Amino acid sequence: MSREHFGVVNTPVYRASTILYPDLAAQKAKDVAYTYARRGTPSSRSFEDAVNALEGGARTVVVPSGLNAIATAMLSVCGAGDHLLVVDSCYAPTRTFCDKTLKRFGIGVTYYDPLIGAAIERLFRPNTRAVFCESPGSLTFEVQDIPAIAAVAHARGAAVLLDNTWATPIYFDALAHGADLSIQAATKYIGGHADVMIGYVTANSSHVERLVDTHGNMGLYASGDDCYLALRGVRTLPTRLKRHQSNAMALTKWLSDRSEVARILYPALESDPGHAIWKRDFSGATGLFGVVLKPVSEKAVAALVDGLDHFGIGFSWGGFESLIVPAAITRTARPFHAEGPVLRIHAGLEDPDDLIEDLAKGFERLRSVR
């Protein structure tokens, strides 16, 4: 691409709406690379091409956020009167979109146990058009058997959609394991710097036409500035993920030995119930995990969290900074039983010894207010 931009290494930011044609014949034939900014610019195309290569897909479309990527993927395979199976451990805004918007559109949704595997077959209906997966699950980190679910879905002519934000295409090959549409909240690890909102959906060859059609008809796009920032993140993604993984492993192993902790939710640990499938299907783990505390008061949790120096209290994750928030878990198909409060922690890129020292002081504060 650099030859197209006079040798500039990174594709420059293209801010555009109107794109001029050289003559009427070209305007009529639309035989030019770019026709209108909503349909793509060099900025968006460069980002799409880069992540499409990582995904091994037939085509990628970029959208304004991760939630929009989920919505676009769902609407590209389902319409009024259709039925969609959605994993019970999905991202909370995904559930809200299903319960409100899809319901209003006449699309039925059934939530299923994330550990169901091939037994998902019993939930299929004649009008089931797709299965939506998220693995590991949001907040509770259950690992789904994607190949088993995909085999059942494809045998019934249904599509498989996967929110692969936790692993990214670096650590889990969504399409190779049976997904038809791979979804990324690129806001998180792809962007990597907590300064961009963006998402994408990658399709295999059988789902390209419907995805591109839905994306175009809904008028979706991402700005040149956002695509530039996301593409910058792609360049350092593998290097950053190694650090997130090593920091998360250091923290989870240390936390596992704490008397205040009931258990850790992180499939890379051998003690995790999902470790076997994770080891079979994934090539690495990232920095997000859960901590189930032993029974303790809200005041004690606040004492732990509020005084931390290196962990911010905030939503999203995947940036360079470490984060911690209480987990509000909603389940309808499979209850999640926690011994005490659940915390979601994102291990950033800081020195792991500093993070551990910070948490150790937090536990001292927690014990002081029991």
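The values are calculated or read from the model by the stated rules, or taken from the named source; none is laboratory data. All figures in this text were calculated on a predicted structure; none of them were measured in a lab. In this analysis, Cβ positions are derived from the backbone assuming ideal geometry, glycine residues included, and neighbour counts consider all displayed protein chains. Just the protein is used for accessible areas: all its heavy atoms, side chains included, with ligands, DNA and RNA removed. Shrake-Rupley method; radii C 1.70, N 1.55, O 1.52, S 1.80 Å.
Mind telling me which of the residues 156, 129 ends up being open to solvent by 10 Å² or more (accessible area, probe 1.4 Å) and either out of contact with any Ser or Thr (no Cβ under 9 Å at 6 or more places or on another chain) or under 30 Å from residue 222 (Cα atoms) (or both)?
Numbers: 156 fails: either out of contact with any Ser or Thr (no Cβ under 9 Å at 6 or more places or on another chain) or under 30 Å from residue 222 (Cα atoms) (or both).
Going through 156, 129 in turn, the sole match is 129.
Can you find a residue that is touching a residue at least 60 places away in the same chain (Cβ under 8 Å) and open to solvent by less than 50 Å² (accessible area, probe 1.4 Å) anywhere in region 114-124? Working first, answer last.
Here is the first cut: in region 114-124, the residues touching a residue at least 60 places away in the same chain (Cβ under 8 Å) are 114-115.
From what's left, open to solvent by less than 50 Å² (accessible area, probe 1.4 Å): 114.
Yes - at least one qualifying residue is present in region 114-124.
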Quickly run through region 25-56 and pick out the residues that are in a helix (DSSP H, G or I) and open to solvent by less than 50 Å² (accessible area, probe 1.4 Å).
26, 37, 42, 43, 44, 46, 47, 48, 50, 51, 52, 55
With the condition being touching a His at 6+ places or on another chain (Cβ under 8 Å), I'd like the helices (runs of 4 or more DSSP H) fully within region 251-370 carrying at least 3 qualifying residues.
352-368
Could you go through region 180-187 and let me know if any residue there is modelled with pLDDT of 95 or more, within 21 Å of residue 143 (Cα to Cα), in contact with a strand residue (DSSP E or B) (Cβ under 8 Å, 6 or more places away or on another chain) and part of a helix (DSSP H, G or I).
no
Are there any pairs with C-beta distances below 9 angstrom linking a residue in region 199-212 that is closer than 13 Å to residue 159 by Cβ to a residue that is of a type in the set (Asp, Glu) and not in a helix (DSSP H, G or I), with the two at least 6 apart or on different chains, and if so which?
203/180; 204/180; 206/180; 207/180
Taking residue 151, is it at pLDDT 95 or above, open to solvent by 40 Å² or more (accessible area, probe 1.4 Å), under 29 Å from residue 271 (Cα atoms) and touching a Gly at 6+ places or on another chain (Cβ under 9 Å)?
yes
Test: residue in region 58-79 that is at pLDDT below 95 and among the charged types (D, E, K, R):
no
Please specify each residue of region 319-339 satisfying the condition of being more than 19 Å from residue 142 (Cα to Cα), touching a residue at least 24 places away in the same chain (Cβ under 8 Å) and either open to solvent by less than 50 Å² (accessible area, probe 1.4 Å) or among the acidic types (Asp, Glu) (or both).
319, 321, 322, 323
Residues of region 11-57 that turn out to be within 30 Å of residue 180 (Cα to Cα) and either of a type outside the set (A, V, I, L, M) or touching a strand residue (DSSP E or B) at 6+ places or on another chain (Cβ under 8 Å) (or both), as a count:
23
Within region 209-231, residues surrounded by fewer than 19 Cβ atoms within 10 Å (Cβ to Cβ) and assigned to a helix (DSSP H, G or I) come out as 209, 210, 212, 213, 216, 217, 225
